[in-house]
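One structure below.
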Amino acid sequence: MALKRIIKNEEAVSISIGFILMFAVTVIVFTGVMISFYSLSRNIEKSAMEESFRILGSGLANKITTVDTLVNVSASFGATVESIEYEFRLPATIAGKTYSINLTNTTYEIILEADNGALVGSPFSVSNNFTERKFYGGAEDYIITYDKNNNKIFIDER
Amino acid sequence: MGLIEDHDAQFMLLAGFLIGIGLVITTVMLNSIMFEGNMAIESVTENSKYDMVNLMQITTDEIRSAYRNATEKGGTVPNTTKNFTKQVNNFSATLPKIYSMYGGGARISYENWTNKGFANFTENGMPGGKDNWTLVEGVNASSVTVFNVSINLTGSIFKIEARNSADSFVWSIEFNNSNYNVTNVTNASNYTIGTFISGSQYNLTSHPFDFNYLSSPVSIHIINGKNAFGKYKIQGLANNRNFTRERDYVLNTSVAISTTKVKANISMPVSVPW
C-alpha cells in the first residue's frame, strides 16, 4: 500500500522544471547531431578530394607516359620527334578548395595536396628526362611538351 | 479520434520510428549527394599514342610498298619515281579523310630518290645513326641464297661480322681503302685478301667469301656503319622463317597527327625497299 501511495504521489512534480529539463535535453541532442553532421561532412569532403586526386594523378601519369611512349616508339622506327604538344585540363578547385600539384623527378611521383590534409601520390615512369614542376592551383589549362634538343619532357600552364 | 485520444503511446512510438528511419535515409542520401558533388573529375581514355604508332607503321609500309611496286620491273629513275609518287600521293590524300572521321587530322610529306645517294650502313641509314648494330639474328647460313653488298667507303674501315649463338665471332669481311679481308674460323684456309673496288657489288655467298658454308645459326652484325654507304640485300631463313633485309635508299618522311588534345610532328627516315 505504501509503495502504491508513493507512485501515485505527484507532490514533487514540477511542470517548469520538467520543461527546462526537456528543453536542455533537446538542445544537447540537437547540438550533438549538428556536431556529428559537421564532422561527417568534413570527412566526406576530404575523402572526395582524395578520391579525385587519385583519378587526377593516375590520369596525369597516363598523359606523361603517353608522351614518353611516343618518343620511344618513334626512336624504335629510327624517327625523331620534332614536337609533341599534349593539352589537358584540370579543375581549378575540387570540392570548392584549391590544391597543389608537385611533379618530382627524384621519386617520379605526382603529389596532389590540399589544405584540409588530403594528400595523394601517384607514381609515374619515364625513360626520357623529365623537368620537375610545382603548380599551386588556380590554373586549369596545361600542356605537356617535348624538347628534342635536350631530350626532355616539360609540363607547363597554358 | 480514438487514435488521437489513445494515451497508451503507440502512436508516439510509431511516429518516433518513422522519424528515425527518415533521418537515416536523409543522412545516407545527403552523404552520397555531397560525395558526388565534390567529385569533379572526368575519366578519359587516351588513344593518341596508338594512332601515332599506327600512322608511322602504315606510312612506312606504304612507302616501302610503293618503292617495290615502282622498281620491281626496273626502268629509268624518272619513270619509277613517277609511279612511286602516284601511289604515295594517293595514300597521303586518303589519310586526312580517314582521320577526319573522328575529329583528328593526319598529314605526311615524303621525298623520292631522284638525285639521292645510297644510304649509310648505320642502323637507320642516316649519317648520325647507330654505328654498330645487328642486321639479323638466328640466320641459317646454308639457307642464304642472296647476300650482296655494294660499298663505298667514307672512313678507314668497315666490317660485316657473323657470330654464333654463343656470341663468338665465326666469320667477317673487313673493307679498307684498298683491300677486303675475309676471316672464316670454320674454314682451314681462313684468311683471304682481295682488292676492294669502291661501288662494286660483292656476292658474299660465292667463293672466297663463302658465308653460306658457316654452321648455323649465326647473327650478322655491322661494325663502323658510319664509315660506308651503299646497298645490301640478304635473303634466306632465320629461325626457320623466310626473311629479306634490303636497303637501297633512306627516304626522309615526316608525319604529323593532331587530335583534340595531342599534336605531334615526327621526322622518320624510311629504309626502302624493306
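FYI, it's all coordinate maths here, none of it is from the lab. Everything quoted here is computed from the prediction, not taken from an experiment. Cβ placement follows ideal geometry from the backbone for every residue including glycine, while neighbour counts extend to all protein chains displayed.
Here are some notes:
- Of the chymotrypsin sites (Phe, Trp or Tyr not before Pro) in the range B:79-119, the ones in a loop by DSSP (not H, G, I, E or B) with at most 15 other beta carbons within 10 Å are B:Tyr102.
- Stretchable slack from B:Asn79 to B:Ser215, in nm (0.36 nm times residue separation minus alpha-carbon distance): 44.6 nm
- Here the Karplus curve 6.51 cos²θ - 1.76 cosθ + 1.60, taken at θ = phi - 60°, turns the phi angles of the range B:198-212 into couplings of 4, x, 6, 8, 10, 9, 7, 8, 9, 6, x, 6, 6, 4, 6 Hz, with x standing for Gly and Pro.
- Placing unit charges on the Cβ atoms only, positive for Lys and Arg and negative for Asp and Glu, gives chain B a dipole magnitude near 1800 debye about its Cα centre.
- Think of the protein assembly as shown as a dipole: +1 on every Lys or Arg Cβ, -1 on every Asp or Glu Cβ, centred on the Cα centre; then among B:Gly105, B:Phe169, A:Ser58, B:Phe169 lies furthest on the positive end.
- Farthest toward positive dipole pole in chain A [+1 Lys/Arg, -1 Asp/Glu at C-beta], among A:Ser47, A:Ile94, A:Ala75: A:Ser47
- Charge dipole (Cα centre; +1 on Lys/Arg Cβ, -1 on Asp/Glu Cβ; no other charges) of the range A:37-158 amounts to roughly 180 debye.
- Chain B - mean residue ellipticity at 222 nm from DSSP helices (-39,500 (n - 2.57) per run, n ≥ 4, rounded to 500): -10000 deg cm²/dmol
- Excluding same-chain neighbours fewer than eight residues apart, the aspartates and glutamates reachable from B:Lys82 by a Cα-Cα span under 20 Å are B:Asp61, B:Glu62, B:Glu72, B:Glu111, B:Asp248.
- Degrees between helix B:48-71 axis and first principal axis of chain B (Cα, 0 to 90, nearest 10): 30
- Expected 222 nm ellipticity per residue - DSSP helices of 4 or more, -39500 (n - 2.57), all of chain A, to 500: -16000 deg cm²/dmol
- Candidate aspartates and glutamates for bridging to A:Lys148, where Cα separation is under 15 Å - those fewer than 8 sequence places away on the same chain excluded: A:Asp68, A:Glu82, A:Glu85
- When the Cα atoms of chain B are aligned to their principal axes, the ranges along those axes come out at 125, 47, 31 Å in descending order.
- For the range B:191-255: rounded, prolate or oblate by the Cα gyration tensor [a/c cutoff 1.5]: oblate
- Both radii are taken from the alpha-carbon atoms of the range A:27-80; with Rh as the Kirkwood radius, Rg/Rh is 1.56.
- Number of partner chain Cβ atoms within 10 Å, mean per residue of A:40-52: 3
- Distance between modelled label sites at B:Asn239 and A:Thr69, nm, 7 Å Cα→Cβ extension: 2.3
- Residues of the range B:232-255 with amide N under 18 Å of the 7 Å Cα→Cβ point at B:Arg68: B:232-238, B:241-251
- Added length on full extension, which subtracts the Cα-Cα distance from 0.36 nm per residue, B:Ile157 to B:Lys116: 12.4 nm
- Seen against the Cα atoms of chain A and their longest principal axis, helix A:15-76 is set at about 10 degrees.
- Shape category assigned to the range B:119-239 from the gyration tensor of Cα positions, a/c cut at 1.5: oblate
- Global geometry of the protein assembly as shown, whether rounded, prolate or oblate, following the gyration tensor of its Cα atoms and the 1.5 cut on a/c: prolate
- Cα centre as origin, Lys/Arg/Asp/Glu Cβ charges: the range B:119-239 dipole, Debye: 220
- Projected label distance in nm at A:Arg89 and A:Arg133, using a 7 Å step from Cα toward the beta-carbon: 1.8
- Note on B:Val185 and B:Val53: with the Förster distance fixed at 41 Å, the Cβ-Cβ geometry gives a FRET efficiency of about 0.50.
- Two-site FRET efficiency, A:Thr98 against A:Thr31, from Cβ-Cβ distance with R₀ of 35 Å, rounded to 0.05: 0.65
- Considering only A:Leu119, A:Leu60, A:Leu90, the Gaussian network model of chain A with Cα springs below 10 Å gives its largest mean-square fluctuation to A:Leu90.
- Residue order, fewest to most surrounding Cβ atoms within 10 angstrom, among A:Ser14, A:Ser122: A:Ser14, A:Ser122
- FRET efficiency for the B:Met101 to A:Glu82 pair, using the beta carbon distance and R₀ = 25 Å, is estimated at 0.45.
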